[in-house]
1. Nearest 5 percent is fine: what portion of the DSSP beta bridges confined to the stretch 2-257 is antiparallel?
2. Work out, step by step, the length gained on full extension between residue 224 and residue 69: first 0.36 nm times the residue separation, then minus their alpha carbon distance; give nm to one decimal.
3. What order do you get for 61-67, 208-214 when each peptide is scored by the mean count of other beta carbon atoms within 10 Å, highest first?
């Protein structure tokens, strides 16, 4: 179970995330929605450690991660994909994934990055990396420098890196942002495949409501940094607070009446 309790961050006098308490269970994909500036990505940053909370806690499996750095949270089981890709552009596709596999294997054996043991296990690392690239349909690009990849392939590669880390929690921040209509379905299909593993927790920040309706088991809604709705997709999307705050239905109706 991933849980935030009274999670809060203030920037000067502005409260960007306001005492958000929420628990996320394995086998569930939760979509986090809300209007621009609602605090969705900031909430993600607090969970993954890119921002330090002003108050509140983040726990995973009962372990308090609140004071942990992002790298420590990754080792604890939090896997994060960003709106902008977070890759090594000077390395090849295979080298990027192999580094993630290498880090996971080293962490599992609690031996750090021992170069001799890494190279002795070089073949196994490469085979695991190739298997992941096959899963995301990128094996044929294994030797391509990441800097030369189109945006859509970079997003696919970022999902591959997450899979290599074998996290307990997958966190996707607008995974189809900047992708064309022909590219986005590939990423969505990868997330669908990840959903089949009922031991994993998946969090998704997404503006596209058609994507949310299709993928989400649950929706939570943030407005002005505050949690205002939480429940099944159909129920939440139909609620007045979401219709007004996120979809703008009430405002549109007011304009039509005027």
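What follows is calculated from the coordinates using simple rules that are stated; it is not laboratory data. Note that the structure is predicted; figures quoted are calculated from it, not measured. Every residue, glycine among them, receives a Cβ derived from its backbone with ideal geometry; neighbour counts consider all protein chains shown.
1. DSSP beta bridges in the stretch 2-257 are roughly 55 percent antiparallel.
2. Using 0.36 nm per residue and subtracting the Cα-Cα distance, I get 53.2 nm.
3. On the way: 61-67: 12.7, 208-214: 14.7.
Highest-to-lowest ranking by the protection proxy: 208-214, 61-67.
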